[in-house]
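Student: First, the structure itself, so that you have it in front of you.
The values are calculated or read from the model by the stated rules, or taken from the named source; none is laboratory data. Note that the structure is predicted; figures quoted are calculated from it, not measured. So basically every Cβ, Gly included, is an ideal-geometry build from the backbone, and we count neighbours across all protein chains shown. With ligands, DNA and RNA removed, areas are computed over all heavy atoms of the protein, side chains included. Shrake-Rupley method; radii C 1.70, N 1.55, O 1.52, S 1.80 Å.
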Amino acid sequence: MPHQRPGSRPAATPAFDLPTWASAPRPSAEPGIYRLGYRRIDPERAEAATVAAWPLLLRAGLNVVVGWFAYLYGTQLLMYVLVWFGGQTGIGPLASPSESEAMFTLLVANVFVLGVVIKVFGRMGRWPEVWRRYAAPLLSRTVTQEERAEENRVAVEAARRVDPWAGLREGGAAAAAGRLAGEAVGDVDYVRIQQAWESAQADPVFVPAFVEQVGARGAAAFAHPSEVRELPGRAERHDLLLRQVCLGVTQDVPKNPLSHRAAGFALDPAVLGTSLLAVGPAGTGKTARLARPVAEALCLQALAGTACAVVIGASDADLGPDGWYDVVIAPGDPSSVYGLDLYGAAQDPDEAAARLAEALLPDELTARAESARTALQQVVGPFHAAHRRYPGVRELRALLGGEADALAALVKALGVAGRLAAYERDLEHRERQRGRADDPGALLADRLALLDRPAFEGAFATDGTGRPPFAMRVLDHPLRVRVKLPERSHPEAARMLSRLVVGQFVQAAGAREDRSLFAGLVVDDASAALDAATVRGVQRMRGANAGAVLMLRTLVDLPEALRAPLFGAVGCRMAFPGIAPWDGRLFSEAWGTHLVQETAVTHTPDTSGGVVRRAGRLGRKALSGTTAQTESVTTRDVERLRWSPSDLAHALPAGHAVVSLTAVSGEQVPPLLVDLRG
């Protein structure tokens, strides 16, 4: 069916107003606040706003009445004191006053008393709050719509008069600024060109080259290697100047800090650098309201030259179209252009073999990880020394399985390369292990058989005959990578590949020499991707300008020994509606307690007074059936959980989440209730 009626035209997309966007206020704020257009909240005004209307108006009216009488009697009293003082001492304006002096003194006395009355009773009656709530809106209605439109027009024109390329003009690149001012420049282009300008300013020699590039290509200067300057289907609110993506609105509830209430909730590399763990059942919005927006933000930042993105999920997960990414790896899909390097292009064969061994073993066999790692190193190292490349899946499976022809060919190749003496001991040890019941090589060969399937033909080739393999060591380039796991057709192979890719990312992100780009990882289902080594690596990524967004359906999917270390390794934690109480317990313990003011009201029978009061109470009880009681109120500070497991499991509304944040600098934000639908 057509998307529109014949002859109709789609609505025109409004042009991006660069001067207004670049000059918009972005006040400093705590982590998690979307700073574009943010307005700080006055604590006193916010506290006053919690008072109901009728008590506020009644208190204001009573203070007006009392203040009026205080003004009348206070003025008379002050005049009496001044007359008496002048008569007794002969000093002062009322000692022998003329008519003008008396009138002036009376005026001063009235003004003084009136100022004191307004100061004292206005504060008690909260008159400024009454003015702000009721009087000011009534007066503002007298302003015509034309005047408002004129004010808005003047404000927009003032913003547009701000030159977004003023820095280029002042720095000696006026020609480049003139070229850019005459073109349509988007936010991605602006941030990318500003990044290039900052790099050029580091050395004046590069300024002419900058001017030449901008003069030749205009807004397309210094474009991403893919020549893409915008994402198709971009949907979220982004502020690329601060690298923030707005996910929703922080709710205006007492549990949220005052500074965050009713403000936009946003994530940026300063927060994602400590990594984020999100837990929630399927269908609660983890993918649509967290994973996809963060993936979109990282891809936009990659186009702007400030980040690189690796997004992992099932082939049918909604993590953005393939047009968002430079490299799409889909093992099991014959149309996939790229393959995956099982070794991550590691320079050290022992390191590559160790990471591959940890990925191949399932959770229930991690106790044999050390022997499996050794067995894999005993064949990967010699093969790499003999052939100057790593073995493919079929070659590695044959060596681990102890096939005589494969081992003989390896020994011959080592002899030709002159490296047989160095690896002879490893090969002899593998030969002795062959056929034994506890041989880890046989276990690894069986696990590799899951990847040695016709559907994966050419996906993991190392000899140049298959698809071009992607290696995770390229995280120092602004690449956008999507890994599609075959969870439906090959679920166990998908689990192994998930562990392998996440482990390679953690290892490569920490080993980068150039850490100027933020390396972001998004894992739609991390239940199979986490092990002890990965959790330790996630914690080390804080200092490597890298971070991960890990999503789980439930913490039960992880080994029990891994749950507490994972909570300690990540700095941001997010709970979605419907989590189990045992999952909520870990969140509740991690978020701790805070002091709240608790009021206890105690009712006791009234036994005070003499015979008359007692008789009156007996009559009241006979007539009404109730006993007269006294009421005592006790207020104290007690420690309470910020969010209890029961609240997290049963009280969270649909479309909401509770999230705590920690910035790379160490600044922390307590749990926030966020509406992710805003």
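Student: Evaluate the following for Leu530: is it without any contact (Cβ under 8 Å) to a residue 40 or more places away in the chain and of a type outside the set (D, E, K, R)?
Tutor: Here the answer is yes, as Leu530 does meet what is asked.
Student: Within the range 295-315, take every residue that is over 19 Å from Val228 (Cβ atoms) and aliphatic (A, V, I, L, M) and give me the one that is modelled with the lowest pLDDT.
Tutor: Ala314
Student: Thr75: modelled with pLDDT of 70 or more and in contact with a Pro (Cβ under 6 Å, 6 or more places away or on another chain), yes or no?
Tutor: For Thr75, the condition - modelled with pLDDT of 70 or more and in contact with a Pro (Cβ under 6 Å, 6 or more places away or on another chain) - is not met.
Student: Tell me, yes or no, whether the range 499-507 has at least one residue that is more than 24 Å from Pro334 (Cβ to Cβ) and either open to solvent by 20 Å² or more (accessible area, probe 1.4 Å) or of a type in the set (Ser, Thr, Tyr) (or both).
Tutor: Checked the range 499-507: at least one residue is more than 24 Å from Pro334 (Cβ to Cβ) and either open to solvent by 20 Å² or more (accessible area, probe 1.4 Å) or of a type in the set (Ser, Thr, Tyr) (or both).
Student: I would also like to ask the following. Against the definition (open to solvent by less than 30 Å² (accessible area, probe 1.4 Å) and acidic (Asp, Glu)), how does Asp439 come out, yes or no?
Tutor: For Asp439, the condition - open to solvent by less than 30 Å² (accessible area, probe 1.4 Å) and acidic (Asp, Glu) - is met.
Student: For the range 237-260: of the residues being assigned to a loop (DSSP other than H, G, I, E, B) and open to solvent by less than 60 Å² (accessible area, probe 1.4 Å), which is nearest to Trp21 (Cα to Cα)?
Tutor: Leu240
Student: If you don't mind, there's one more thing I want to ask. Considering only residues that are modelled with pLDDT of 85 or more and among the hydrophobic types (A, V, I, L, M, F, W, C), which ones fall in the range 428-449?
Tutor: If the condition is that a residue be modelled with pLDDT of 85 or more and among the hydrophobic types (A, V, I, L, M, F, W, C), then Ala442, Leu443, Leu444, Ala445, Leu448, Ala449 are the ones that fit.
Student: Looking only at strands (runs of 3 or more DSSP E) that fall completely inside the range 513-618, which ones have 2 or more residues that are surrounded by 22 or more Cβ atoms within 10 Å (Cβ to Cβ) and under 21 Å from the mean Cα position of the chain (by Cα)?
Tutor: 518-523, 546-552, 572-575
Student: Taking the stated definitions as given, is Gly305 in a loop (DSSP other than H, G, I, E, B) and open to solvent by 20 Å² or more (accessible area, probe 1.4 Å)?
Tutor: Judged against the criteria, Gly305 is a match.
Student: Do any residues in the range 500-512 that are within 16 Å of Asp525 (Cα to Cα) and touching a residue at least 60 places away in the same chain (Cβ under 8 Å) have Cβ atoms under 8 Å from those of residues that are of a type outside the set (Val, Ile, Thr) and open to solvent by 20 Å² or more (accessible area, probe 1.4 Å), where the two are at least six apart or on different chains, and which pairs are they?
Tutor: Partner pairs satisfying both residue conditions: Leu500/Arg355; Gly503/Arg355; Gly503/Glu358; Gly503/Asp531; Gly503/Ala533.
Student: Further question: If Ala175 passes every condition in (1) outside any helix (DSSP H, G or I); (2) open to solvent by 40 Å² or more (accessible area, probe 1.4 Å); (3) in contact (Cβ under 8 Å) with a residue 12 or more places away in the chain but one, which one does it miss?
Tutor: (1)
Student: Now for a separate question. Do we have Gly666 as outside any helix (DSSP H, G or I), without any contact (Cβ under 8 Å) to a residue 12 or more places away in the chain, closer than 30 Å to Glu236 by Cβ and open to solvent by 20 Å² or more (accessible area, probe 1.4 Å) here?
Tutor: Yes.
Student: Does any residue of the range 196-215 turn out to be part of a helix (DSSP H, G or I), hydrophobic (A, V, I, L, M, F, W, C) and touching a residue at least 60 places away in the same chain (Cβ under 8 Å)?
Tutor: Looking through the range 196-215, at least one residue is part of a helix (DSSP H, G or I), hydrophobic (A, V, I, L, M, F, W, C) and touching a residue at least 60 places away in the same chain (Cβ under 8 Å).
Student: Anything in the range 400-420 that is without any contact (Cβ under 8 Å) to a residue 40 or more places away in the chain and hydrophobic (A, V, I, L, M, F, W, C)? List them, or say none.
Tutor: Passing the criteria: Ala404, Ala406, Leu407, Ala408, Ala409, Leu410, Val411, Ala413, Leu414, Val416, Ala417, Leu420.
Student: Which residue pairs have Cβ atoms closer than 7 Å, lie 6 or more positions apart in sequence or on different chains, and pair a first residue in the range 104-127 that is open to solvent by 90 Å² or more (accessible area, probe 1.4 Å) with a second residue that is part of a helix (DSSP H, G or I)?
Tutor: Correct list of pairs: Met124/Asn63.
Student: What are the residues in the range 399-416 that are part of a helix (DSSP H, G or I) and open to solvent by 50 Å² or more (accessible area, probe 1.4 Å), if any?
Tutor: Ala404, Asp405, Ala408, Ala409, Val411, Lys412, Val416
Here's the yes/no breakdown for (1) under 17 Å from Gly264 (Cα atoms); (2) modelled with pLDDT of 70 or more; (3) surrounded by fewer than 11 Cβ atoms within 10 Å (Cβ to Cβ); (4) among the aliphatic types (A, V, I, L, M):
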position	(1), (2), (3), (4)
Met1	no, no, yes, yes
Gly7	no, no, yes, no
Ala22	no, yes, no, yes
Gly37	yes, yes, no, no
Ala48	no, no, no, yes
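Student: Only one residue in Gly323, Gly273, Gly280 is touching a Pro at 6+ places or on another chain (Cβ under 9 Å), open to solvent by less than 10 Å² (accessible area, probe 1.4 Å) and of a type outside the set (D, E, K, R). Which one?
Tutor: Being touching a Pro at 6+ places or on another chain (Cβ under 9 Å), open to solvent by less than 10 Å² (accessible area, probe 1.4 Å) and of a type outside the set (D, E, K, R) holds for just one of Gly323, Gly273, Gly280, which is Gly280.
Student: Quick one: would you say Ala291 is assigned to a helix (DSSP H, G or I), open to solvent by less than 20 Å² (accessible area, probe 1.4 Å) and within 30 Å of Gln539 (Cβ to Cβ)?
Tutor: Spelling it out, Ala291 is indeed assigned to a helix (DSSP H, G or I), open to solvent by less than 20 Å² (accessible area, probe 1.4 Å) and within 30 Å of Gln539 (Cβ to Cβ).
Quick grid of which residues meet (1) part of a loop (DSSP other than H, G, I, E, B); (2) of a type outside the set (Val, Ile, Thr); (3) crowded, with 22+ Cβ neighbours inside 10 Å:
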{"site": "Val310", "(1), (2), (3)": "no, no, yes"}
{"site": "Ala345", "(1), (2), (3)": "yes, yes, no"}
{"site": "Asp350", "(1), (2), (3)": "no, yes, no"}
{"site": "Ala354", "(1), (2), (3)": "no, yes, yes"}
{"site": "Ala372", "(1), (2), (3)": "no, yes, yes"}
